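*Asks:* Pasting a structure here, questions to come.
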Amino acid sequence: MKPNRLINEKSPYLRQHAYNPVDWYPWCKEAFSKALEQDKPIFLSIGYSTCHWCHVMEKECFEDHEIADILNKNFISIKVDREERPDIDNIYMKACYLFNQRGGWPLTVIMTPHKKPFFVDTYIPKDDRYGRLGLKSILLKIVEIWKKERKRIFEISDSIAEALTHIKSKVEDKELSKELIEKAYYELKEQFDKDFGGFGLAPKFPMPLNMIFLHRFYHRNKIKDALEMSTKTLESMAKGGIYDQIGGGFHRYSTDSYWIVPHFEKMLHDNALLIMAYTEAYAITKDSFFKKIIEDTVSFLEREMLSPKGGFYSALDADTEGKEGEFYLWRLDEIREILNDKEFLVAELAFGISDEGNFFDEVKRTKTGKNIIYFAKDPKKIADELRISAEEVENIIDRIKIKLFNVREGRVKPFRDEKILTDWNSLLVAALSRAYLVIEDDRLIRLAKECLDFILKNMFDSEGRLLHVYKDEEASVFAYLEDYAYLIWALIDYYLCSFDAYYLRESIRLLEDVISYFWDFERGGFYQTAHYSEIVISRNKEIYDGVLPSGNSVMAYNLVRLSRLVQESKYEDLANSLFRAFSGEISRHPSAYLFSLVAFELMTYGTKEIIVIPLSWKEDLEFLRKLQKNFLPELLIIVKNSDTESFIPNIREKDIINEKTTYYFCLNRSCQRPTNDKNQILSLIFS
């Protein structure tokens with residue numbers, strides 16, 4: 001077959017569709033001009049390369065010549081990679097929620113040549129099924145309506161476009177209250193699954209922002225339930241099938257309530273945020289179980305996702321050779337052949353493996369004889385049953401994992417999406433920087449630095465504007481708010497473990513760019529796209545914190561921290577304006593805006609700042625790093641030297657005393673008398 005236009009695109013997702021019989025266009029001016037010229041509606045399909053149901057819809061619909069003929073004759077068809085163009089995905093996903101009160105991928109949109117949608121849905125099979133119209137019926141019906149009832153279509157599309165614009169423009173200018181933090185906690189408590197951990201019903205997503213919020217709530221209020229909700233969830237996930245017990249790293253989500261059966265794709269951003277959550281849990285509890293999960297997840301990322309240039313690839317596919325989860329599944333007889341008798345006995349007990357298996361065929365609704373590896377039984381109970389020590393059981397399990405891993409390495413691996421995204425890589429840098437301080441593994445700071453330096457070297461255009469995606473030796477697509485926000489977060493966190501002033505200075509430079517490019521000077525808050533970027537329907541602003549924190553919530557966090565670090569009050573004024581702009585949304589359902597509340601809590605309850613004038617740098621650096629091994633989210637540290645003095649004028653007046661390393665302890669930018677006494681500093685920090 002001849003390829004279509006997508007063969008020239010860099011996106012792995014678009015290239016996956018390059019040999020479809022559908023006459024696909026990428027998102028471009030030519031496609032919309034053709035639609036106007038030929039008087040055709042637009043068929044828009046949005047997905048990503050590692051999405052299982054995107055693959056299913058491609059096989060059922062976009063590889064089907066009957067569907068392709070209908071599309072090619074009556075529509076202009078456009079494919080979009082949601083990871084490459086989150087602005088397009090965001091606006092039409094909002095439309096999907098307006099139509100259906102639900103969303104997901106693949107996202108199917110039919111719209112006018114003016115980009116206004118009049119039909120939106122997610123996955124659609126080719127043929128009618130279970131009383132639901134299939135894509136063939138929908139397309140033929142829309143062709144008929146387009147010809148006979150065009151006015152009706154334009155009325156629908158205009159009303160949807162107006163509703164999308166109205167969502168963007170809603171602003172309730174009022175102060176947030178401290179009570180919202182407590183309200184969010186109780187909302188989470190109501191959603192919490194006491195039996196299996198996690199929040200809500202199946203399917204269950206990891207939701208690491210929930211744990212990040214709960215850790216801070218526990219830290220400030222010492223309410224044990226807050227910590228227990230987090231640790232229960234983190235333990236359950238790490239023992240479940242959502243965690244790859246053999247190779248490390250987390251899958252996308254669990255299809256059941258028990259964390260056993262995952263949706264198998266592995267995403268960089270999920271693993272980055274989960275490293276953060278497990279790092280905080282380890283810093284609080286000192287439970288070595290959490291440390292092991294951090295180490296193994298980092299090992300997975302380094303082994304499977306690290307590019308030779310230092311950036312990390314975006315994802316691994318859910319499917320292998322057209323079968324969901326095939327790389328990760330095991331038959332009982334296969335495991336029996338790999339292990340000796342004692343190991344097999346322990347594996348049966350520990351992992352709950354059986355002849356019938358625990359992985360279901362979703363279409364036939366039957367077991368497949370394939371097993372997902374998860375911890376069905378605690379090793380201590382196995383030790384009691386077998387009358388051997390718990391240590392021996394752990395050693396046997398370690399040997400089992402190594403043997404299974406070595407066999408699995410010989411299998412065909414899942415497809416890897418090798419585009420490098422600024423925002424997801426920045427999240428990982430922030431996670432690795434914090435993890436380095438807590439578990440003191442030099443590998444982590446090395447990976448963080450190499451990744452951060454890759455971004456700073458490769459992800460800017462000739463005019464100094466940040467770019468979003470890197471593929472085939474080239475960066476492209478103007479950066480979104482999340483790219484800037486997460487990168488500033490990464491720069492701050494990397495500074496706090498390295499104390500290299502270059503990275504802090506870069507964070508301030510980028511912060512000023514964000515204010516210039518993204519800030520809404522009329523209503524407050526940041527737009528998702530820069531003022532020089534394409535406007536799809538309207539410039540969107542987002543505050544909702546889902547699996548990922550919103551760009552606005554992270555910018556609020558950055559503004560508060562940098563305001564206190566570099567003693568610049570205008571940044572905190574902007575954070576206040578941002579909170580006021582989104583106060584209505586946050587107040588109605590605070591547990592949906594948890595990272596905003598993390599930033600709001602930091603601003604409201606305050607920070608503890610240390611200004612350090614070092615004398616013996618090696619010894620002082622060790623002290624500052626050891627100090628941050630504890631969970632102290634309110635702690636900020638600035639080291640005074642010629643570099644930091646050059647861009648933080650207010651620290652110039654701070655002088656060394658007694659010819660010894662000198663510390664200035666400040667509470668919300670109000671500093672006490674300087675001291676040389678480390679114990680006094682420790683007392684002030686932990687008081």
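*Asks:* What distance in nm lies between label points placed 7 Å from Cα along the C-beta direction at VAL143 and ASP453?
*Replies:* Computed distance between label sites VAL143 and ASP453 equals 5.8 nm.
*Asks:* If you average the sequence gap of Cα pairs under 8 Å that are 6 or more apart and divide by the length of the chain, what percent do you get for the contact order?
*Replies:* 11 percent
*Asks:* Ok, one more. Take the stretch 320-381, drop everything but the C-alpha atoms, weight them equally and run the Debye formula without solvent; then report log10 I(q)/I(0) at 0.14, 0.21, 0.25, 0.27 Å⁻¹ to two decimals.
*Replies:* Per q value, in the given order, log10 I(q)/I(0) is -0.42, -0.84, -1.07, -1.16.
*Asks:* Per-residue counts of other Cβ atoms within 10 Å, averaged by peptide: what ranking do you get for 570-583, 543-556, highest first?
*Replies:* 543-556, 570-583
*Asks:* Quick one: if the Förster radius is 41 Å, what FRET efficiency do SER33 and ILE515 give, using the C-beta to C-beta distance and rounding to 0.05?
*Replies:* Computed FRET efficiency for SER33 and ILE515 comes out at 0.70.
*Asks:* Something else: Could you run the Debye sum over the Cα atoms of the chain, one equal point scatterer each and no solvent, and tell me log10 of I(q)/I(0) at q = 0.06 Å⁻¹, two decimals?
*Replies:* -0.37
*Asks:* Among the Cys residues of the chain, which have no other cysteine Cβ under 4.7 angstrom away?
*Replies:* For the chain, the answer is CYS28, CYS61, CYS96, CYS451, CYS497, because their Cβ atoms have no other cysteine Cβ under 4.7 Å.
*Asks:* Listing GLU63, GLU474 from the residue with the fewest other Cβ atoms within 10 Å to the one with the most, what is the order?
*Replies:* Arranged by neighbour count, lowest to highest, GLU63, GLU474 become GLU474, GLU63.
*Asks:* Quick one: Kirkwood hydrodynamic radius for the stretch 608-686, alpha-carbon pairs, angstrom, one decimal?
*Replies:* 12.8 Å
*Asks:* Which of rounded, prolate or oblate describes the stretch 405-539 when judged by the alpha-carbon gyration tensor and an a/c cut-off of 1.5?
*Replies:* Oblate shape, in that a/c is at least 1.5 and b/c is the bigger or equal ratio.
*Asks:* What net charge do the residues around GLU356 carry, taking every other residue with its C-beta under 11 Å from that of GLU356, with Lys and Arg at +1 and Asp and Glu at -1?
*Replies:* Overall, the nearby charge balance is +2.
*Asks:* Starting with the fewest neighbours, write out TRP330, TRP24, TRP519 ranked by other beta-carbon atoms found within 10 Å of each beta-carbon.
*Replies:* Lowest to highest Cβ neighbour count: TRP519, TRP330, TRP24.
*Asks:* For ASP441, what charge total do you get from the other residues with a beta carbon under 13 Å from its beta carbon, if Lys and Arg give +1 and Asp and Glu give -1?
*Replies:* Net of charged neighbours comes to +2.
*Asks:* Quick one: what are the phi-derived ³J(HN,Hα) couplings along the stretch 491-507, Karplus 6.51/-1.76/1.60 with θ = phi - 60°, whole Hz, x for glycine and proline?
*Replies:* The phi angles translate into 5, 5, 5, 5, 4, 5, 10, 10, 6, 8, 4, 4, 6, 5, 4, 5, 4 Hz.
*Asks:* Follow-up. Grab the other residues whose beta carbon is less than 10 angstrom from that of ALA390, score K and R as +1, D and E as -1, and report the net.
*Replies:* Counting the neighbours of ALA390, the net charge comes to -3.
*Asks:* Stretched out fully, how many nm does the piece from PHE360 to GLU418 gain, at 0.36 nm a residue minus the Cα gap?
*Replies:* Result for the pair: 17.9 nm of gain on full extension.
*Asks:* Can you give the helix-only mean residue ellipticity at 222 nm for the chain, where every DSSP H stretch with n ≥ 4 adds -39500 (n - 2.57) and the sum goes over all residues, rounded to the nearest 500 deg cm²/dmol?
*Replies:* So the calculated ellipticity at 222 nm is -16000 deg cm²/dmol.
*Asks:* Which of the three applies to the stretch 5-169, rounded, prolate or oblate, going by the alpha-carbon gyration tensor with a ≥ b ≥ c and a/c under 1.5 meaning rounded?
*Replies:* rounded
*Asks:* Let me ask another. Counting other Cβ atoms within 10 Å, which trypsin sites (Lys or Arg not before Pro) in the stretch 360-427 have at most 11 and lie in a DSSP loop?
*Replies:* Loop-located and lightly packed - LYS364, ARG365, ARG387.
*Asks:* Just going by the charge dipole of the chain, with Lys and Arg at +1 and Asp and Glu at -1 on Cβ, which of PRO125, ILE537, CYS54 is farthest out on the positive end?
*Replies:* ILE537
*Asks:* Oh, and also: Taking the Cα centre as origin and putting +1 on Lys and Arg beta-carbons and -1 on Asp and Glu beta-carbons, what dipole magnitude results for the chain, to the nearest 20 debye?
*Replies:* My answer is approximately 860 debye.
*Asks:* Further question: Among 98-110, 342-354, how do they line up from the highest to the lowest mean number of other beta-carbon atoms within 10 Å?
*Replies:* Peptide ranking by packing, descending: 342-354, 98-110.
Computed from the coordinates by the stated procedures, all read-outs in this text should not be read as laboratory data. Note that this is a predicted model, so its numbers are computed, not measured. Methodologically, a virtual Cβ is constructed for each residue, glycine included, from the backbone with ideal geometry; neighbour enumeration extends over all protein chains shown.
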